[in-house]
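Here's the structure, in structure tokens; my notes come after.
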Amino acid sequence: MRILIVGAGKMGHAVAELAAERGHTVVAMVGGAENPDGTALTAERLRGADVAIEFTRPEAAARNVVRLAEAGLPVVCGTTGWEAELPRVAALVERRGGALLHAANFSVGVHLFLRAARQLAAALAGRSEYDAFILEQHHAAKRDAPSGTARVLREELARADPARAFPITSIRAGATPGTHELAYDGPHERITLSHVARGRRGFAAGALLAAEWLPGHPGVHTFDTMLFGGPG
Ligand SMILES: NC(=O)c1ccc[n+]([C@@H]2O[C@H](COP(=O)([O-])OP(=O)(O)OC[C@H]3O[C@@H](n4cnc5c(N)ncnc54)[C@H](OP(=O)(O)O)[C@@H]3O)[C@@H](O)[C@H]2O)c1
């Protein structure tokens with residue numbers, strides 16, 4: 001597969017490294033300085049690419065995705081923080097018969113974890129002898145708390161078991177790897193489900209999986225659609 005990478009930051013490089021290991025060709029890596037307002041994403045520049053993977057910044061993503069879709073290139077986008085613009089961009093992609101897969105989290109394990117968590121919440125609904133809680137831990141430099149994934153987890157658990165509270169405790173310390181744990185504590189035992197991330201290669205692997213799948217699947221997709229054939 002011939003991949004165009006937009007964004008030469010940490011994720012762009014992680015994707016490029018893993019793409020090479022998996023036998024793909026990176027036709028170009030477009031950086032921020034050469035691409036104000038998406039202007040480097042011309043038909044000529046994109047020629048020969050089968051798919052684009054976009055990891056840039058919130059203020060750049062919508063323009064990049066539109067330019068890529070206008071050029072007819074399927075786009076995998078992992079940039080976060082521009083979701084308010086997603087409906088407008090998605091409508092444009094649909095109108096053009098293009099293909100877009102956007103996900104705020106490309107970790108396959110996180111999506112499987114969320115699915116398992118929903119199933120656990122449904123199984124324990126009505127069991128008032130258990131108290132549920134979410135514990136999330138990250139390295140000291142992570143600014144936001146609770147993490148976006150913890151908030152998504154809480155929303156999905158609340159949908160599966162609306163009667164129960166799912167308080168979140170956040171720890172920011174040292175070099176702690178990104179960890180999310182769902183626990184149900186009962187009088188005699190504790191049930192836990194946890195996910196521990198080992199760096200950004202997991203996100204790069206998920207983005208590549210999406211890039212391998214997306215060509216030939218026109219429309220606007222979520223990672224769950226791709227992994228599970230519908231909302232997980
Ligand atoms: N979906 C997921 O699973 C996932 C995982 C990790 C991160 N993310 C998200 O992905 C995004 C990138 O993360 P990162 O860790 O790679 O950040 P980063 O290291 O800061 O890299 C962002 C890069 O985007 C470049 N850029 C800015 N505007 C651009 C444009 N118009 N065209 C091309 N490149 C442009 C920047 O270049 P300049 O410095 O030259 O401006 C920078 O190199 C963030 O939104 C992050 O939250 C998502």
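For R151, the test of being within 16 Å of the ligand (Cβ to nearest atom) and under 21 Å from A14 (Cβ atoms) is failed.
Just to be sure, is A104 surrounded by fewer than 14 Cβ atoms within 10 Å (Cβ to Cβ), closer than 26 Å to E156 by Cβ and aliphatic (A, V, I, L, M)? Spelling it out, it is not the case that A104 is surrounded by fewer than 14 Cβ atoms within 10 Å (Cβ to Cβ), closer than 26 Å to E156 by Cβ and aliphatic (A, V, I, L, M). Can you name every residue in the range 72-92 that is in a loop (DSSP other than H, G, I, E, B) and within 16 Å of the ligand (Cβ to nearest atom)? Result: L73, G78, T79, T80, G81, W82. Counting only strands (runs of 3 or more DSSP E) that sit completely within the range 131-212, those holding 3 or more residues that are touching a helix residue (DSSP H, G or I) at 6+ places or on another chain (Cβ under 7 Å) and buried (at least 20 other Cβ atoms within 10 Å of the Cβ) correspond to 179-185. Residues in the range 10-30 that are closer than 19 Å to T79 by Cα, out of contact with any strand residue (DSSP E or B) (no Cβ under 9 Å at 6 or more places or on another chain) and modelled with pLDDT of 95 or more: A14, E17, L18.
Determine whether R22 is touching a residue at least 40 places away in the same chain (Cβ under 8 Å), touching a Gly at 6+ places or on another chain (Cβ under 7 Å) and more than 7 Å from the ligand (Cβ to nearest atom). I'd like the intermediate steps shown before the answer.
On the way: touching a residue at least 40 places away in the same chain (Cβ under 8 Å): yes; touching a Gly at 6+ places or on another chain (Cβ under 7 Å): no; more than 7 Å from the ligand (Cβ to nearest atom): yes.
Considered against the rule, which asks whether it is touching a residue at least 40 places away in the same chain (Cβ under 8 Å), touching a Gly at 6+ places or on another chain (Cβ under 7 Å) and more than 7 Å from the ligand (Cβ to nearest atom), R22 comes out as no.
Of the residues making up the range 43-67, those that are assigned to a loop (DSSP other than H, G, I, E, B) and either more than 16 Å from I5 (Cβ to Cβ) or within 12 Å of the ligand (Cβ to nearest atom) (or both) are F55, T56, R57. Within the range 2-16, at least one residue is within 13 Å of the ligand (Cβ to nearest atom), outside any helix (DSSP H, G or I), within 17 Å of the chain's Cα centre (by Cα) and under 30 Å from R154 (Cβ atoms).
The values are calculated or read from the model by the stated rules, or taken from the named source; none is laboratory data. Treat the numbers as computed from the prediction; the structure is a model and nothing was measured. Methodologically, a virtual Cβ is constructed for each residue, glycine included, from the backbone with ideal geometry; neighbour enumeration extends over all protein chains shown.
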